[in-house]
Ligand code: ADP
Ligand code: MG
């Protein structure tokens, strides 16, 4: 865990912690005005995010998820309650998105050359390519799950978001009233900074070559997630291959969507929804967003390499708001009251 702290507005000390997790880094920023010891909080953050990784990683052979993947069909397996709740949420989002988000895609992800088991498909040959509705039985009370068919579950499209919610839970429990936490592109904010200024988060422009800001979101009490075709890709015969699989076709998405940013009350929902919208594309995606009161921004790649946008909710209102060459600035507070979604961002812009 590394740490920086500087004197902030009104004398509060800005605490900024980060450390490695899930192949990337977690971050937490807040202002310390004499509350609990920041390093003790930091240790709790490390434990929280480590627990999520230990339960939900496909890179750790002994994670609870990988044990479940190996478990015999038909046997109940006891798993931690947090894993049960993420599995249940994932199944719900699968239904809501008509199968666009599907944690049963593990075999396809490996077949298309992504993730921890890229290319190692021998052991997965019998696994379902997607989850049908009864494939997984969840007993929340008993905190156990049972497979009804062989499957290769992959929580990579939702676990980072859940990890961010766990970071937020630790800071809430410590009585920190204002903070910004994140893992990679998924972020969640609470309250406002001293001086009543909002937490600002930058949304990256979906370019492979360089990192540029596409827009800025001011977050208050909500989360943002971005999925994109521009970072985790590999080159294939016909061009770039996305790591997002359309479970309905069994193939990587190729729908011209460069990135999707989603705002939601929790980072878990924002994360999974962003992945779902990558699959659904702008037309179906925007009607999905509409139905669920989601706020989302699609950045589309035109043939000539330029970008176009399609947006719902506050993103639509903010479109064409040219601030210093950024495509938009959006203020988001307590969004998604109606239901589910949001958009994501990549890095603290001015945190
Ligand atoms: P990122 O934020 O890194 O762009 P996402 O949150 O979109 O990633 O998650 C992508 C990962 O989720 C993939 O690498 C794969 O492991 C898994 N995945 C791919 N397609 C789907 C899908 N349709 N539904 C659920 N998970 C998926
Ligand atoms: Mg996701």
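No lab work stands behind these numbers, since they all come straight from the coordinates. This one's a predicted model, so the numbers in the text were calculated from it and none came from an experiment. Cβ coordinates were reconstructed from backbone atoms using ideal geometry, including for glycine residues, and neighbour counts include every protein chain displayed.
In a Gaussian network model over the chain where Cα atoms closer than 10 Å are linked, find which of 206, 282, 194 has the largest mean-square fluctuation. Among 206, 282, 194, the largest GNM mean-square fluctuation belongs to 194. Spacing of the modelled spin labels on residue 140 and residue 88, each 7 Å from Cα toward Cβ, amounts to 0.3 nm. Computed over every Cα-Cα pair of the chain and binned at 10 Å starting from 0, the pair-distance distribution P(r) comes out as 6, 26, 34, 24, 9, 1, 0 percent. What's the FRET efficiency of residue 77 with residue 304 using the Cβ-Cβ distance as r and R₀ = 51 Å, to the nearest 0.05? With R0 = 51 Å, the Cβ-Cβ based efficiency is 0.50. Of all the options 285, 74, 215, the one that moves most in a Gaussian network model of the chain with Cα springs shorter than 10 angstrom is 74. Stretching residue 121 away from residue 208 to a fully extended chain increases their span by 28.5 nm, per 0.36 nm per residue minus the current alpha-carbon distance. Separation of the range 167-192 and the range 85-148, taken as the distance between their Cα centroids, equals 29 angstrom. Rg and Dmax, both from the Cα atoms of the range 64-147 and both in Å, are 12.9, 37.
For the residue pair residue 51 and residue 248, what label-to-label distance in nm results when each label sits 7 Å from Cα along the Cα-to-beta-carbon direction? Calculated label separation equals 3.8 nm.
Across the chain, Cα pairs under 8 Å and at least six residues apart give a relative contact order of 16 percent.
When the helices of the chain are scored as -39500 (n - 2.57) per DSSP H run of n ≥ 4 and the total is divided over every residue, the value at 222 nm lands at -8500 deg cm²/dmol.
Between residue 32 and residue 44, the modelled label-to-label distance comes to 1.4 nm, taking each label 7 Å out from Cα in the direction of the beta carbon. GNM on the chain, alpha-carbon springs under 10 angstrom: the most fluctuating residue among 19, 115, 175 is 175. What the pair-distance distribution of the range 168-260 shows, using all Cα-Cα distances binned every 10 Å from zero, is 14, 36, 25, 18, 6, 0 percent.
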